[in-house]
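Below is one structure, written out as structure tokens, with a few remarks after it.
Derivation of every value follows stated rules applied to the coordinates shown; laboratory data play no part. None of the values given here were measured: they were computed from a predicted structure. Because the Cβ atoms are built from the backbone with ideal geometry, glycine has one as well, and the counts that use them run over all protein chains shown.
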Amino acid sequence: MSLALYMDVHIPHAITHGMRRKGIDVLTAQDDGADELEDEALLNRASSLNRVLFTFDRDFLRDTSLLQQADKEFAGVITIRSKRVSLQRCLGDLQLVCEVFEPEELANRVFYLPL
């Protein structure tokens, strides 16, 4: 099974559209009607759909750390260390992660881009 992404509300449309053009299974919080959810509920929603959450929101790092400490499961989070990463680099690295990793390999983890 290939990795499916769940895009946080703040992810630029260019990234979402770019990933879709590359054939990656992407669902946005907006498309899912979840754009008003708090962070924890959004992470739970992504996990219930077996989708790894892609976000720029640093608050998710705190949330995932608390989940890890409590041994609570989540589907995984991918985030970017620096917003100075070019669009092309972001798309390329994100595509590579989606094509190389299986969902269970990112479960309960935070994965950082760029590679």
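Taking the Cβ of each residue in T64, T79 as the centre, tally the other Cβ atoms inside 10 Å and list the residues starting with the fewest.
With the sparsest Cβ surroundings first, the list reads T79, T64.
Viscosity 0.890 mPa s, temperature 25 °C: give me the Stokes-Einstein translational D for the stretch 5-113 in µm²/s, with Rh taken as the Kirkwood radius over C-alpha pairs.
178 µm²/s
Determine ³J(HN,Hα), in whole Hz, for all residues of the stretch 63-80 in sequence, where each value follows from phi through the Karplus function 6.51 cos²θ - 1.76 cosθ + 1.60 and θ = phi - 60°; x replaces Gly and Pro.
4, 5, 4, 5, 5, 5, 5, 8, 6, 9, 8, 8, 6, x, 9, 10, 9, 10
For the residues R45, R62, R89, R84, what sequence is obtained by ranking on other C-beta atoms within 10 Å, fewest first?
Ascending number of Cβ neighbours within 10 Å: R84, R62, R89, R45.
Can you run phi through the Karplus equation (6.51, -1.76, 1.60; θ = phi - 60°) for the stretch 54-62 and list ³J(HN,Hα) in whole Hz, with x for Gly and Pro?
These are the phi-based 3J(HN,Hα) values: 10, 8, 9, 6, 5, 4, 5, 5, 5 Hz.
Suppose the chain between D35 and R89 were pulled fully straight at 0.36 nm per residue; how much longer would it get relative to their current alpha carbon spacing? Numbers along the way, then the final one.
Values: separation 54, 0.36 × 54 = 19.44 nm, distance 2.61 nm.
Extra length available between D35 and R89 comes to 16.8 nm.
Output ³J(HN,Hα) for the stretch 26-38: one whole-Hz value per residue in order, computed from phi by the Karplus curve 6.51 cos²θ - 1.76 cosθ + 1.60 with θ = phi - 60°, and x for Gly and Pro.
Taking θ as phi minus 60°, the curve returns 10, 10, 9, 4, 5, 4, 8, x, 10, 6, 9, 5, 5 Hz for the stretch 26-38.
Can you pull out the GluC sites (Glu not before Pro) in the stretch 10-115 whose DSSP state is coil and whose Cβ has at most 14 other Cβ atoms within 10 Å?
Numbers: sites: E36, E38, E40, E73, E99, E104, E105; in loops: E36, E38, E73.
Loop-located and lightly packed - E36, E38, E73.
Would you grab the residues whose amide H sits under 5 Å from the one on M7? Only those 5+ places off in sequence or on another chain, please, with H modelled 1.01 Å from N.
Under 5 Å from the amide H of M7: L27, T28, A29, F54.
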